[in-house]
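Worksheet: one structure, shown below.
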Amino acid sequence: MTNEPNTATEVEQIKRQQTLIIRAAQISLSLILLTLAGACVRAALVIPAMTRIFQDFDAVLPLVTQWVMGHAGVFIVTPVLLAALGLGLLFFARAKGLGIIAATVIIVVLFVQWQFSVSVMLSPLMQLLSRLGDSPK
């Protein structure tokens, strides 16, 4: 009979620890979410300047780069909406585990968007810069 109070106390202690771990995971994931969303927005805000540079050099651009330049607004709005969705699911989902999984998936999507937009805009710029050092023919 003396084991019952100890068991109840241990269960309560485990529940408190679980709550603290979930809260720490939520805070960590939310900071990662916000950082990646900010990086995506910052990368997207450079697209108009890059467009002007490419126009000044009359560069022949890949179709993907042209598409990104034509849809710069989407690359600004999407990370903001995804971050809001991720934060909402992370903190307000009934099942905390599902909220953590959903936020993690959104973090991966934001990372892919950031990598895509940076590489698509940077690749033609590097080609232009490499041609600047060549001698004119």
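The values are calculated or read from the model by the stated rules, or taken from the named source; none is laboratory data. Values in this document were obtained by computation on a predicted structure and should not be read as measured data. Cβ sites come from the backbone with ideal geometry, for glycine too, and all protein chains shown count toward neighbours. Quick note on the areas: whole protein, heavy atoms, side chains included, nothing else; ligands and nucleic acids left out. Shrake-Rupley method; radii C 1.70, N 1.55, O 1.52, S 1.80 Å.
Observations on the model:
- Of the trypsin sites (Lys or Arg not before Pro) found in segment 22-112, the ones in coil according to DSSP and having at most 12 other Cβ atoms within 10 Å of their Cβ are Arg94.
- Viscosity 0.890 mPa s, 25 °C: Kirkwood-radius Stokes-Einstein D of segment 9-68 over Cα pairs, µm²/s: 160 µm²/s
- Take the convex hull of the alpha carbons in segment 30-137; its mean projected area over all directions comes to 7.4 nm².
- Among Leu82, Leu31, Leu110, the largest mean-square fluctuation in a Gaussian network model of the chain, built with springs joining Cα atoms closer than 10 Å, belongs to Leu31.
- Carbon + sulfur, % of accessible area of the chain - ligands and nucleic acids excluded, 1.4 Å: 69 percent
- The mean accessible area for residues of segment 1-107, using a 1.4 Å probe and ignoring ligands and nucleic acids, is 67 Å² per residue.
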